[in-house]
Amino acid sequence: MTLKQIAMVLQLGLLVSPSGFAASLQTVTVTAAGQQGWYEATGLVQAVRSAQLSVPVAGRISQLPAQVNATVKAGQLLAQIDAASADQAANASRAQIAAAQASLTQARSELTRAKALADKQYLSTSALEKAQAQYRIAEAQARAQMAQAGAASAQAALFRLTAPFNGVVSRVQGDLGAVTMPSQPIVELYDPSAMRVEVQLPAATFEQLRRDVTPAISLGNRKLAVAQVQWFPTTDQQSQSRTVRIVLPTGTVLPPGNTTQVRFATAGKGQLTVPSSSIVQFGEFNAVYVLSANGKPVLRYVRSGKSLGEQTEILSGLKTGDKLVLNPAAARHQAQGDGK
């Protein structure tokens, strides 16, 4: 029997069921349910606080205590650039400060004596004014020397590379004795206590993601917890991409630079599903029974999609509002009886 003949037999209800079989029809109204969709992307592990450290001056690296994977404290020396001239200038400024302070002390003493003599009228007014002027000059010179010393100390500090925060040294790019140039990275540092995952997504895909569902992150077989999700509001003009940053809980230990799998929920389209038991199979054909306008069971061919457990996706052949018969054996028996 050909497939066309089988179809005609099914439509006419000529396949005979066991005699004496009778059962009431169980039906359900077909509806479209929202299907949860997913979009998977690759995320990059980053440290919330990281830095490429350099010095703004050129010079030879004279000290390099920083070591890869070493834990350092804020303010700890990481590298020292040869700063002999800067140190000499700072020392000279400190000496000048000492001299200026000595002059100021002497001028203050002279002024005190001049005031005492002037009170007893042993000193003329002009002499007192001269002592006051000398004191003001000495005071101004002391302030100027202190400012110069501060500038010299700041200049000397430019030759020292220190840790800006507690962290772990991830890379040392300089070598002891090598000459470094201004702004050339010497040490890279990151804070392992605060990590995040950054994902770049196509702008069109970004708009389809559900922000009320927390993304799922995995690194190999390890599932990562999520503390906060930051959805960037702007689109990059060059790449037409949007950024999502996922902050991980404090204490999550991950090496920066690793890639993770990030699964976002999307707003799925409505789909038709029916109980798998309601589908009748005849070779390569799938069919279901639906009730016609007069309440009679009618065989209708459908194109099925993927299996969803006890449900099967229907791609075509059914529409919302159809009355689906849940017990196809009883519907076939009744259809055959009506066809006699």
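Kindly state, to the nearest 0.05, the FRET efficiency for Thr42 paired with Lys306, given R0 = 30 Å and r defined as their beta-carbon distance. Could you put the intermediate results ahead of the total?
Details: r = 26 Å, r/R0 = 0.85.
Once rounded, the FRET efficiency stands at 0.70.
Please give the FRET efficiency for Gln184 paired with Gln237, using the beta carbon to beta carbon distance and R0 = 45 Å, rounded to the nearest 0.05.
Efficiency computed from Cβ-Cβ geometry: 0.90.
For region 110-261, what is the convex hull (Cα atoms) projected area averaged across all directions, in square nanometres?
Numbers: hull surface 79.8 nm².
For the Cα atoms of region 110-261, the hull's average projected area reads 19.9 nm².
Report the label-to-label distance for Leu117 and Ile137 in nanometres (one decimal), using points 7 Å from each Cα along the Cα→Cβ vector.
Going by the 7 Å Cα→Cβ label model, 1.7 nm.
How much net charge surrounds Arg196 when only the other residues with a Cβ under 12 Å from the Cβ of Arg196 are counted, with Lys and Arg +1 and Asp and Glu -1? Show your work: numbers first, answer last.
On the way: positive: Arg49, Arg245; negative: Asp191, Glu198.
Net local charge, Arg196 excluded: 0.
Going by Cα centres, region 275-294 and region 205-226 are how many Å apart?
39
What does a probe at Lys319 reach in region 271-299, counting residues whose amide N is under 14 Å from the point 7 Å along Cα→Cβ?
Only 293 pass the distance filter.
Below 20 Å, Cα to Cα, which aspartates and glutamates can Lys120 reach? Residues fewer than 8 away in the same chain don't count.
Glu110, Glu129
Shape call for region 285-337 from the C-alpha gyration tensor, a ≥ b ≥ c root eigenvalues: rounded (a/c under 1.5), prolate (a/b greater than b/c) or oblate?
Working: a/c = 2.13, a/b = 1.65, b/c = 1.29.
Prolate, because a/c is 1.5 or more and a/b exceeds b/c.
Rolling a 1.4 angstrom probe over the protein chains, ignoring ligands and nucleic acids, what is the accessible area of Glu313 in square angstrom, nearest 10?
30
Could you pull out the trypsin sites (Lys or Arg not before Pro) across region 208-300 that fall in loop regions by DSSP (anything but H, G, I, E, B) with no more than 16 other Cβ atoms inside 10 Å?
Loop-located and lightly packed - Arg210, Arg211, Lys269.
Work out, step by step, the length gained on full extension between Ala267 and Ser126: first 0.36 nm times the residue separation, then minus their alpha carbon distance; give nm to one decimal. Don't skip to the answer; put the middle values down first.
Working: separation 141, 0.36 × 141 = 50.76 nm, distance 9.18 nm.
Answer, rounded to one decimal: 41.6 nm.
Using θ = phi - 60° and the Karplus curve 6.51 cos²θ - 1.76 cosθ + 1.60, what whole-Hz ³J(HN,Hα) does each residue of region 303-314 get, with Gly and Pro shown as x?
For region 303-314, the Karplus curve yields 10, 8, x, 7, 7, 10, x, 7, 10, 10, 6, 10 Hz.
For every other residue with a beta carbon closer than 13 angstrom to the beta carbon of Val325, add +1 if it is Lys or Arg and -1 if Asp or Glu, then tell me the sum. Write out the running numbers ahead of the final one.
On the way: positive: Lys296, Arg300, Lys323, Arg332; negative: Asp322.
In short, +3.
The values are calculated or read from the model by the stated rules, or taken from the named source; none is laboratory data. All of these numbers come straight from a predicted model, not from anything done at the bench. Note that we place each Cβ from the backbone using ideal geometry, even for glycine, and neighbour counts take in every protein chain shown. SASA here: full protein model, heavy atoms, side chains in, ligands and nucleic acids out. Shrake-Rupley method; radii C 1.70, N 1.55, O 1.52, S 1.80 Å.
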